[in-house]
Amino acid sequence: MKPSLIVQKYGGTSVGSIERIRAVAKRVAHTVEQGHRVVVVVSAMGDETDRLVQLAEQLLAGSPTTPSQQREWDMLLSTGEQVSIALLALALQQLGYTALSMTAAQVGIFTTRDHMRARILEIHTERLQHHLERGEVVVVAGFQGITSPTELEITTLGRGGSDTTAVALAVALQAQLCEIYTDVPGVFTTDPRKVPEARLLPEITSAEMLELASLGAQVLHPRSVEIARNYGVKLRVRSSLLPFQGEEANLGTFIVSPPAPPGIPRGGLEMGLAVDTVEVDRDQAKLVLVGVPDRPGIAAQLFQGIAAAGVNVDLILQSLQFSPEDASLSTQPTNDIAFTVSRSQVREAAAVAQRIGQELGCEAVMVDEAVAKVSIAGVGMIGRPGIAAQMFQVLAKAGINLQMISMSEMKVSCVVAAERAGDAALALGESFQVIPRLHRPQPFPRDPLQPAARHPVRGIALDLKQSRLGIRKVPDRPGTAAHLFGQLAAAGVIVDTIIQSQRGYHNGIPSNDIAFTVPQDQAGAAEAVCQQVARDLQAAGVDIDHEIAKVSIVGAEMEAHPGVAAHLFATLAAAGINIEMIATSEIKVSCVVRREQGLLALRTIHRAFELDKP
Ligand SMILES: Nc1ncnc2c1ncn2[C@@H]1O[C@H](COP(=O)(O)OP(=O)(O)O)[C@@H](O)[C@H]1O
Ligand SMILES: N[C@@H](CC(=O)OP(=O)(O)O)C(=O)O
């Protein structure tokens, strides 16, 4: 019988010293002794990649901006892995195994030409197979790629990209298992370094893991989860640091994916259909509270009231905080809170919104029953900023105005006038080559006020590496989002959470605020684009804030548990934490808070949802 093939990946900390490299070699040797063939992927030693980044940043006095600078950046950063593969191969040889190291060019890991964020197209397996068949262990450099056999340009996949190399190799080699060895015993309910009571999850679905990873849980590179999910790779995260005493004590976490569709092509690995779903939800009504005082407890009061009335909330968006110098508003900073509910519950929701709106002294409460939600979704959207821009362009071309936008890495939803929903879905279906479908709601549970009872929340992520940008008073007409996000995509900026909410008037024209978050290292580029777009559109101005933290709860069953969001808001309010931005999707709720309160928010929420309990 042919021995089974396992791809093992060891991260930076796991190969951070010669001692640790020796320990990794022993672990690999143990796997070989159990009768498996092994391909090992390693990252650079310890903080080596950070050190290389600092050298280049020192020289450039910042991040690379031109294509030629980005080329050299990849040339530099890819060297870290070349050191660790050679050392691990030597350590294996010392233990008496035939082992050799290979760079991406030697293996044939071909990527797109996008320096610093290249995507894997194809992996040649002949050389690897040749060595494996001779019983050798091959140690492959993670994180790097090559553009073509003739061009031989070195690329990197983006920080943390070795996980993606490993899973892609597992697909190309049709490995039985891909193991990601790291410095914690698996995937936890949240980062165990930040919350010591976090619990190890024996398994998690790839959909949940994707959200957690893209919302800041760095334990897995989101794109590695994307590939595992698309190709049904058996993926496991476990510790390389636990004392080595047989593997029973180191079960780790299995990332569970649906089986791959039969005959799925293994070329174009990361270039599958970006969008696999175009969906329209006609059962929507929109409520907007305009000019809500900006202080802790407001969202909690509103959504607890809504939950108590038995109403299930779908999208929730809260716009950026307004600066008091904004002349058309009161001198108190205020927010807008917009949300959608099922049309059958709009009366109950409106009654609560009006009552609470009055108690809070809001400027207005608007209710609109003639709306629908159109969404595009797909794991292939991760890291491809052009996809959301394409959606907005398609809708703009069809003359469809966007009343609300909510976006996460894998899904963009727009609230539009109900009468245009059919046109919107058709135009999107045509553009993305997907047949549009109607959204099917999940059944409601019986007791909407017991959100924590069934643990609908699987994990919590804290992202401290985001900045928030906002453009105030963008004219409310078709094409504005297309213009802004088209420009951002052209500048290569990866936009995370986008929120557009209805606001009021500017220069007598109905206008919206658009707020979104971007990775901190792209904030400069994003701000330059926003300033230009604000001038083009005659918007009121641009806000930028680097001192934010984004804390997100994730769970596939959240949609069927009304009241989870309300519980989250109440928890933050009770801890005196103000929520500056809210964005929801079916399986996550994200809140932007002050950066210095991020950790407190994370710990408090973890406890409030009883994730520390079995
Ligand atoms: N939900 C989570 N479960 C486990 N680890 C997490 C989680 N969220 C964040 N982390 C962090 O991810 C780290 C592992 O990722 P990383 O440092 O990139 O490892 P490696 O160098 O092995 O690739 C852990 O040390 C932990 O602090
Ligand atoms: N060395 C690269 C790639 C990587 O994946 O590292 P790690 O597995 O240690 O997160 C980085 O630091 O980005």
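Just checking, which of 454, 503 is buried (at least 18 other Cβ atoms within 10 Å of the Cβ) and either assigned to a loop (DSSP other than H, G, I, E, B) or at pLDDT below 85 (or both)?
Going through 454, 503 in turn, just one is buried (at least 18 other Cβ atoms within 10 Å of the Cβ) and either assigned to a loop (DSSP other than H, G, I, E, B) or at pLDDT below 85 (or both): 503.
Results for (1) more than 19 Å from residue 44 (Cβ to Cβ); (2) within 16 Å of ligand 2 (Cβ to nearest atom); (3) of a type in the set (Asp, Glu); (4) modelled with pLDDT of 95 or more, shown as yes or no for each residue.
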| site | (1), (2), (3), (4) |
| --- | --- |
| 132 | yes, no, no, yes |
| 142 | no, yes, no, yes |
| 151 | yes, no, yes, no |
| 182 | no, yes, no, yes |
| 207 | yes, no, no, no |
Exercise for the section: Kindly indicate whether any position in the stretch 544-565 is in a helix (DSSP H, G or I), closer than 19 Å to residue 308 by Cβ and touching a Gly at 6+ places or on another chain (Cβ under 9 Å). Expected result: yes
Exercise for the section: Identify all residues within the stretch 159-184 that are assigned to a loop (DSSP other than H, G, I, E, B), open to solvent by 10 Å² or more (accessible area, probe 1.4 Å) and either more than 16 Å from ligand 1 (Cβ to nearest atom) or out of contact with any Leu (no Cβ under 6 Å at 6 or more places or on another chain) (or both); write none if there are none. Expected result: 159, 160, 173, 174, 175, 176, 184
Exercise for the section: Filter the strands (runs of 3 or more DSSP E) completely within the stretch 354-441 down to those with at least 1 residues that are open to solvent by 10 Å² or more (accessible area, probe 1.4 Å) and farther than 25 Å from residue 560 by Cα. Expected result: 364-377, 411-417
Practice task
Quick one: residue 570 ticks every box in (1) in a loop (DSSP other than H, G, I, E, B); (2) open to solvent by 20 Å² or more (accessible area, probe 1.4 Å); (3) of a type in the set (A, V, I, L, M, F, W, C) except a single one, so which number is it?
Solution key: (1)
Practice task
Answer yes or no as to whether residue 552 is of a type in the set (Ser, Thr, Tyr) and open to solvent by less than 10 Å² (accessible area, probe 1.4 Å).
Solution key: yes
Exercise for the section: Quickly run through the stretch 81-121 and pick out the residues that are open to solvent by less than 20 Å² (accessible area, probe 1.4 Å), out of contact with any Lys or Arg (no Cβ under 8 Å at 6 or more places or on another chain) and closer than 28 Å to residue 23 by Cβ. Expected result: 81, 84, 85, 88, 89, 92, 99, 104, 109
Exercise for the section: Determine, yes or no, whether residue 96 is of a type outside the set (Ser, Thr, Tyr), at pLDDT 95 or above and in a loop (DSSP other than H, G, I, E, B). Expected result: yes
Handout entry: Members of the stretch 12-25 found to be within 16 Å of ligand 1 (Cβ to nearest atom), out of contact with any Phe, Trp or Tyr (no Cβ under 7 Å at 6 or more places or on another chain) and open to solvent by less than 10 Å² (accessible area, probe 1.4 Å), listed by number
Key = 15, 21
Practice task
For residues that are open to solvent by 10 Å² or more (accessible area, probe 1.4 Å) and within 11 Å of ligand 1 (Cβ to nearest atom), scanning just the stretch 26-47, find the one that is farthest from residue 140 (Cα to Cα).
Solution key: 47
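The values are calculated or read from the model by the stated rules, or taken from the named source; none is laboratory data. Note that the structure is predicted; figures quoted are calculated from it, not measured. For neighbour counting, all protein chains shown are included, and Cβ atoms are generated from backbone atoms with ideal geometry for every residue, glycine included. These accessible areas exclude ligands, DNA and RNA; they are computed on the full protein's heavy atoms, side chains included. Shrake-Rupley method; radii C 1.70, N 1.55, O 1.52, S 1.80 Å.
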